[in-house]
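Below: the structure, in structure tokens.
Read the figures in this text as sums done on the coordinates, not as results from a lab. Worth saying up front: this structure is predicted, and the values here are computed from it rather than measured. Quick reminder, even Gly has a Cβ in these numbers, built from the backbone with ideal geometry, and neighbours come from all protein chains shown.
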């Protein structure tokens with residue numbers, strides 16, 4: 001399995017889990033993203049951008065446009 005397909009599967013899986021379990025939108029989210037950035041090596045700005053897009057997509061799916 002190539003890396004692109006792994007990424008596609010991971011994103012679908014993440015969306016599925018988050019739509020079932022929810023996302024905590026608390027003031028701690030920014031700090032949590034900072035911790036994730038440190039542990040994974042993914043820049044915090046990229047994580048913030050990803051989460052913004054991800055949350056918007058989930059909200060659109062739930063509430064429609």
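Quick rundown of the values:
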{"read-out": "CD proxy at 222 nm, helix term only [per DSSP H run n ≥ 4: -39500 (n - 2.57); per residue of the chain; nearest 500]", "value": "-27000 deg cm²/dmol"}
{"read-out": "Cα-projected label distance for residue 32 with residue 56, points at 7 Å along beta-carbon direction, nm", "value": "2.1 nm"}
{"read-out": "√(5λ) per eigenvalue of the Cα gyration tensor, region 23-65, largest first, Å", "value": "23, 12, 6"}
{"read-out": "Label point distance in nm, residue 8-residue 46, each placed 7 Å from Cα along Cα→Cβ", "value": "2.1 nm"}
